[in-house]
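Working notes, beginning with the structure itself.
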Amino acid sequence: MNNHQPERAGLERLESQERLSGMPPERLLSVAGLGNDEAVLDIGAGGGYFTFSAAELTQGRVYAVDSSAYMRDVLRGRAKEAERTNVEVAEGTAEHLPLEDSVVDLAIASLVLHILSAPEEGIKEMLRVLKPGGRGLIVEWLHPRPDGKPGHRIPLETMRHELEAGGAHIVSVDFWADTYYSIVFRAPLPAS
């Protein structure tokens, strides 16, 4: 079990009180307009930062997708402990989501797209699995790394451009604790 020490430390950092207060999952889900019976996808779910808040707010299925076996085990354990029968844990990546086309009402990618070599592939996948007119919620870092080291960041204007290039309609942009930005977007409706 010791070989999971770095992932465990990473999970503690991701779930810190500082992050919870600066980026409260319930408020972000409210901004995204999560409804009572909607299906939700949490991409790169980690320990379920958004998964379990979403599962409390919807009767619909909540898909928690992560590439890490350790994180999937954490998610399954937490779902069982919380008796959240609407949470379904699955293996996958932002670029290769294990879902059919047009199956979710809300897709969430929080602090995930910046680690991809091609973030536009993650955006394409989000749009693929969203129902027509479904919503996406993306959360990313607002500023360059404070230590000056090169680090993946996706500037807001670049993210906006990538979404619009994919046919998405930007619904709202918000800023959180001067650290993160969020974009809510709608997937395109079929041409009539």
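The values are calculated or read from the model by the stated rules, or taken from the named source; none is laboratory data. What you see is a predicted model, and the numbers here were worked out from it, not measured in a lab. In this analysis, Cβ positions are derived from the backbone assuming ideal geometry, glycine residues included, and neighbour counts consider all displayed protein chains. Accessible surface areas use protein heavy atoms only, side chains included; no ligands, DNA or RNA. Shrake-Rupley method; radii C 1.70, N 1.55, O 1.52, S 1.80 Å.
Has the stretch 69-83 got at least one residue that is in a loop (DSSP other than H, G, I, E, B) and without any contact (Cβ under 8 Å) to a residue 24 or more places away in the chain?
At the first step, the residues of the stretch 69-83 found to be in a loop (DSSP other than H, G, I, E, B) are 82-83.
Now narrow it down to the ones that are without any contact (Cβ under 8 Å) to a residue 24 or more places away in the chain: 83.
Yes, the conditions are met somewhere in the stretch 69-83.
Is it true that Arg72 is at pLDDT 95 or above, among the charged types (D, E, K, R) and open to solvent by 40 Å² or more (accessible area, probe 1.4 Å)?
The answer is no for Arg72.
Based on what the data block shows, is Glu100 touching a residue at least 12 places away in the same chain (Cβ under 8 Å), more than 12 Å from Leu163 (Cβ to Cβ) and more than 15 Å from the chain's Cα centre (by Cα)?
Criteria met by Glu100.
What do you reckon, is Ala177 out of contact with any Pro (no Cβ under 9 Å at 6 or more places or on another chain), of a type outside the set (Lys, Arg) and within 20 Å of Tyr49 (Cβ to Cβ)?
When the stated conditions are applied, Ala177 passes them.
Any residue that is charged (D, E, K, R), open to solvent by 30 Å² or more (accessible area, probe 1.4 Å) and more than 13 Å from the chain's Cα centre (by Cα) - is there at least one of those in the stretch 53-61?
Checking the stretch 53-61: at least one residue is charged (D, E, K, R), open to solvent by 30 Å² or more (accessible area, probe 1.4 Å) and more than 13 Å from the chain's Cα centre (by Cα).
Leu130 versus (1) touching a residue at least 40 places away in the same chain (Cβ under 8 Å); (2) touching a Pro at 6+ places or on another chain (Cβ under 6 Å); (3) not basic (Lys, Arg): which is the lone unmet condition?
(2)
Filter the stretch 154-190 down to the residues that are assigned to a loop (DSSP other than H, G, I, E, B) and open to solvent by 70 Å² or more (accessible area, probe 1.4 Å) and list them by number.
The answer is Pro155, Asp178, Leu189, Pro190.
(1) among the acidic types (Asp, Glu); (2) farther than 25 Å from Val62 by Cβ; (3) open to solvent by 70 Å² or more (accessible area, probe 1.4 Å): which one isn't true of Glu121, the others all being true?
(2)
Among the residues of the stretch 95-118 satisfying the criterion of being out of contact with any strand residue (DSSP E or B) (no Cβ under 8 Å at 6 or more places or on another chain) and open to solvent by less than 30 Å² (accessible area, probe 1.4 Å), which is farthest from Pro188 (Cα to Cα)? It would help to see each step written out before you state the result.
Initially, the stretch 95-118 is screened for residues out of contact with any strand residue (DSSP E or B) (no Cβ under 8 Å at 6 or more places or on another chain), giving 95-96, 100-101, 115-118.
Next, from what is left, pick out any that are open to solvent by less than 30 Å² (accessible area, probe 1.4 Å): 116, 118.
On the way: Leu116: 23, Ala118: 21 Å.
Looking at the filtered set, the residue picked out is Leu116.
Spot the failing condition for Ile138; the list is (1) closer than 21 Å to Phe50 by Cβ; (2) open to solvent by 20 Å² or more (accessible area, probe 1.4 Å); (3) free of Cβ contacts under 8 Å to residues at least 60 places away in the same chain; (4) touching a Phe, Trp or Tyr at 6+ places or on another chain (Cβ under 8 Å), and only one is missed.
Failing condition for Ile138: (2).
Residue by residue through the stretch 46-66, note down the ones that are more than 19 Å from Ala32 (Cα to Cα) and modelled with pLDDT under 95.
Gly46, Gly47
In the stretch 84-94, which residues are open to solvent by less than 60 Å² (accessible area, probe 1.4 Å), touching a helix residue (DSSP H, G or I) at 6+ places or on another chain (Cβ under 8 Å) and either closer than 17 Å to Phe185 by Cβ or part of a loop (DSSP other than H, G, I, E, B) (or both)?
Selection gives Asn86, Ala94.
Could you tell me how many of the residues in the stretch 120-142 are of a type outside the set (A, V, I, L, M) and farther than 21 Å from Arg27 by Cα?
Total satisfying the criteria: 9.
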